[in-house]
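Visitor: Before I ask anything, let me first share the structure, which is written out below as structure tokens.
Nothing in this text is a laboratory measurement; each read-out follows from the coordinates by a stated rule. As the structure is a computational prediction, the values presented were derived from the model and not from experiment.
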Amino acid sequence: MRTTLIPVIAGLTATTLALAASVHLKPPNRNPTFADNVLILNAAGAIAGLGNGDVVVGLTAQADVKSTCTNQGGNVAPGQNPAPLTVTGAQIIPEDELKNGTTPFNVSTQAPVTPIAGAPGCPNPTWTESIDDLAFTSGVITVEQPAGVLVLTVSCKFSPPTGNGAVPATSVSCTVS
């Protein structure tokens with residue numbers, strides 16, 4: 001009896017791993033949708049081909065910063081051009097929310113810390129920088145199942161950089177790996 005159970009268990013494990021190896025956006029090769037919410041980027045879509053276990057969907061986005069610098073006297077210097085900024089976020093989807101290896105996702109980045117005292121993008125360290133807007137230039141969605149095991153990466157470029165609101169699908173170019 002033990003001899004027959006071991007191959008069955010091994011077969012089930014191989015099947016679960018095979019399912020996880022075919023993780024893809026649903027329908028296949030469809031880009032997620034994006035929205036620029038001033039300081040936050042949101043990505044939504046659906047993932048198929050998942051196996052068993054919780055799913056972690058991560059979002060890392062690069063953005064050009066629009067900011068205002070203010071000195072101690074309250075004088076404002078608009079139009080400062082600090083270095084691009086990276087923001088991240090994650091969504092955990094419990095295993096019991098998966099339906100036939102499929103789940104929708106809706107993940108957002110966290111807003112950057114603002115204002116920034118001693119900001120490097122301002123005329124000197126006594127000024128304060130307020131981040132007013134982020135124009136996103138790229139976003140990377142990662143899917144892990146279980147946590148720590150990367151099963152899908154979707155790298156997207158936005159051309160032109162995003163403006164506030166829904167990002168037009170014609171402005172998004174994604175590659176899947």
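Visitor: Whole-Hz Karplus ³J(HN,Hα) for the stretch 30-44, in order, using 6.51 cos²θ - 1.76 cosθ + 1.60 and θ = phi - 60°, x for Gly and Pro?
Guide: For the stretch 30-44, the Karplus curve yields 8, 6, x, 9, 10, 9, 9, 10, 6, 10, 10, 9, 10, 10, 9 Hz.
Visitor: Where a Cα-Cα gap under 21 Å defines reach, which lysines qualify for Lys157, not counting those fewer than 8 residues away within the same chain?
Guide: Correct list for Lys157: Lys26, Lys66.
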